[in-house]
Every structure is written in structure tokens, then in C-alpha cells.
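The values are calculated or read from the model by the stated rules, or taken from the named source; none is laboratory data. Here the structure is a predicted model, which means the values were calculated and not measured. Using ideal geometry, Cβ is built from the backbone for each residue, glycine included, and neighbour counts are taken over all protein chains shown. Heads up: the accessible areas ignore ligands, DNA and RNA and are worked out on the full protein's heavy atoms, side chains in. Shrake-Rupley method; radii C 1.70, N 1.55, O 1.52, S 1.80 Å.
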Amino acid sequence: MNYLVSISGGKDSTATLLHALDTVPFDSIKGVFADTGNEHESTYQYVDYLEQQTGVKIHHVKADFSDRWQHRIEYVRDKWAGKGVPAEIIESVLIVLEMGATGNPFLDLCILKGRFPSRMAQFCTQELKVIPCTEYLLELVDEFGIVESWQGVRAEESPNRAKLPERENKGGGYLIYRPIHKWNVEQVFAIHKKHGVEPNPLYKLGMNRVGCMPCINCAKGELLEISKRFPEHVERIYEWEKMVSAAARQQNATFFAVDGGDNDTAFQRGNIRQKVEWSKTLHGGKKMDLFSVFEESAACSSAYGLCE
Ligand code: SF4
């Protein structure tokens, strides 16, 4: 049997990899990391660090949407006029599409769809992570016969994750195992400590989760933290918003959708710079939260007590 651990660069997938080292033969373990193109540079470095620390080869996969490009151009060119889209918008969208795919999976997917993903239409996970990782797993099934996909999902993270079974048999030699499903966060950090492996440094910089930088689901406080610590990522997304808007029928694509944002009813559609301004406000979105704005980002502000 071979084991393929999905690595995100976060604490749970790292714990899963370390648990594999404790429980199955070393030579049967492989890792896979899906590069969305919207990762923080620390995450790339961390995945390399994990490979060095554990000796497990972590294969990088990256979605490629260039084969969908021509179809999108033809669809916009041949069908949009019949749907009442003004000629100047069709022209603007075709200019962007005819420049070709950028090679960045996250950006290309959004250009093709003419929008960013949202909590209600979270196509990013499937297209950028699930499909590329599954394709790689199926290649391994072809080579080795049976492969078990190890996923670092924990029940206490959300009601939906709690419902997931610990084991699944997808057929054809494709098995799924979620070995840390019942673990709590203390167990997750304990196995890091046991193996002398540091968690991703982003946890010490105020990030609750390690995923995209930023994730479309990031909370208000996390967005404020990102804007203070990594303003270059806010500006990158601002540029992406311009490119995706130019490729969109409505010509107005924002990274954060109306359905996002911490249950704060004042969270309306706006570009990422406007969202950063909103992130500085108290609940309700109007009054400025002066304490958060002027507070220096502490050197270490982990939500998991990693600073202690
Ligand atoms: S981390 Fe967030 S933005 Fe990135 S793929 Fe997952 S849901 Fe989408």
C-alpha cells in the first residue's frame, strides 16, 4: 500500500504527515502540495522545509487552464452579443482573453469565469486543489495499484468536517483516510513538537489558517492583520481585481463577495482596498476601531498560543 498525504502548509496537514511517519513504512509515504498561485511565499518555503525535515518527497501540482482559453474566447465572441452584452464590453473582454493565460492558476481561473470565487460559489477549492491532487493520486494508483489519500481534516473545525467519515473507499484502488479526524489542536501541535518540526511561521503572524493569501473566506480581523503585515499581497489582489473586472461581463469583479465577511451586515461589495478600510472599523462598519488601526502588529500574535 502507498500513502499520499495532502500538504497545504498548514498545521493539520503537517500533523498528518508526521503521524504517517509514526505509523506506516517510510518508503510508502508521499506528499502532494497544490500550488494555487495565491500562496504566501512563507508557505512555499515551509513546504520545502517540511520535505527537508521529514525526508518525504512532496510533489507540487498546479492547475492549468490554458486548454479552456480558446473555448472561452469563442463563447464570448460568438454568443455574448445574442445575450445582449454591449459591443464595447465584448471587445474589452476579448482584449484580456486574447493576451492568453497568465500561468497563475488562481488568476487564470478567475479571468475565465469573469469573477472571483465566493463562499456560495467556492469553485477555487475544487479547481485548484481537489482536481489536481486527485489527478496525481490516480497516476499513482495506475503505478502502484492501491493508494490511500491521507487528509488532515479535523471534526472540531466545522460541523461539515465533523460529518466526514474517517475512512472511504472510492473504488479502483483509491482509498481515503482522515487519521486526525478526532484530534484536537493541542494534539496537532504536540506532534510537531515531538518531531522537532516548527509550524508554518504564518501562525505566529496572526493568521488563523494557512491557505491562500488571502483566502476569500478570511475574517475581518485577519484582513486587517494581512494589510498591516503583507500590504504587497493586498496590492497584488487589487491588480488582479482590475484584470478580472476587464474580463467580466459586469466589468466589476471584487475579490471579496457580498456573502463574505464575519457576519457583519455592513460588509458590502467593494474592492480590496475598500475592504481593508472596512476591516479597520468596529462591528457595523462605520466607527473606526482606533485601537486596531494604530496597534503595531505584535511580533507574534498566534491564535493557537504558539507565542508561549
Ligand atoms: S484557501 Fe480559500 S481562496 Fe484558497 S482555494 Fe481554499 S477556499 Fe479558495
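Given the structure, is residue 279 modelled with pLDDT under 70, of a type in the set (S, T, N, Q) and either at negative phi or surrounded by fewer than 18 Cβ atoms within 10 Å (Cβ to Cβ) (or both)? Here the answer is no, as residue 279 does not meet what is asked.
Among the residues of segment 80-98, the one identified as open to solvent by 100 Å² or more (accessible area, probe 1.4 Å) and under 16 Å from residue 109 (Cα atoms) is 98. Of all the numbered requirements in (1) modelled with pLDDT of 95 or more; (2) over 19 Å from the mean Cα position of the chain (by Cα); (3) not assigned by TED's automatic domain parsing to the domain that holds residue 55, residue 183 misses one, and that requirement is (3). When segment 108-125 is limited to residues that are more than 9 Å from the ligand (Cβ to nearest atom) and modelled with pLDDT under 95, the one that is nearest to the chain's Cα centre (by Cα) turns out to be 118. Tallying residues that are at pLDDT below 90 and open to solvent by less than 40 Å² (accessible area, probe 1.4 Å) within segment 200-214 yields 4.
Sub-6 Å Cβ pairs linking a first residue in segment 1-18 that is under 24 Å from residue 173 (Cα atoms) to a second residue that is charged (D, E, K, R), at least 6 apart or interchain, are 3/148; 4/30, ordered by first then second residue.
Mind listing just one residue for me: the one in segment 75-107 that is under 30 Å from the mean Cα position of the chain (by Cα), in a helix (DSSP H, G or I) and not aliphatic (A, V, I, L, M) and, of those, nearest to residue 256 (Cα to Cα)?
106
Just one of the numbered conditions (1) within 18 Å of residue 12 (Cβ to Cβ); (2) within 16 Å of the ligand (Cβ to nearest atom) is not true of residue 164; which one? It is condition (2) that residue 164 fails. The number of residues in segment 159-179 being open to solvent by less than 40 Å² (accessible area, probe 1.4 Å) and within 20 Å of the chain's Cα centre (by Cα) comes to 1. Of the candidates 119, 68, 77, 115, the single residue that is out of contact with any Cys (no Cβ under 9 Å at 6 or more places or on another chain), more than 30 Å from residue 198 (Cβ to Cβ) and buried (at least 21 other Cβ atoms within 10 Å of the Cβ) is 115.
Could you list, in sequence order, the residues of segment 46-65 that are without any contact (Cβ under 8 Å) to a residue 40 or more places away in the chain and open to solvent by 100 Å² or more (accessible area, probe 1.4 Å)? Outline the logic, then answer.
Of the residues in segment 46-65, the ones without any contact (Cβ under 8 Å) to a residue 40 or more places away in the chain are 48, 51-52, 55, 57, 60.
Once the filter is applied, which keeps residues that are without any contact (Cβ under 8 Å) to a residue 40 or more places away in the chain and open to solvent by 100 Å² or more (accessible area, probe 1.4 Å), segment 46-65 yields 52, 57.
Only one of the numbered conditions (1) assigned to a strand (DSSP E or B); (2) more than 19 Å from residue 18 (Cβ to Cβ) is violated by residue 148, and that is (2).
Residues are listed down the side, and each one gets a yes or a no for (1) within 16 Å of the ligand (Cβ to nearest atom); (2) under 22 Å from residue 70 (Cα atoms):
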{"position": "80", "(1), (2)": "no, yes"}
{"position": "85", "(1), (2)": "no, yes"}
{"position": "134", "(1), (2)": "yes, no"}
{"position": "146", "(1), (2)": "no, no"}
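Quick check on this structure: which one of 125, 102 is open to solvent by 30 Å² or more (accessible area, probe 1.4 Å) and touching a helix residue (DSSP H, G or I) at 6+ places or on another chain (Cβ under 6 Å)? If you could, list the steps in order and put the result at the bottom.
On the way: 125 fails: touching a helix residue (DSSP H, G or I) at 6+ places or on another chain (Cβ under 6 Å).
None of the other options fit; the residue is 102.
Looking across segment 184-220, the residues that are under 17 Å from residue 47 (Cα atoms) and either among the polar types (S, T, N, Q) or within 11 Å of the ligand (Cβ to nearest atom) (or both) come down to 200, 209, 210, 211, 212, 213.
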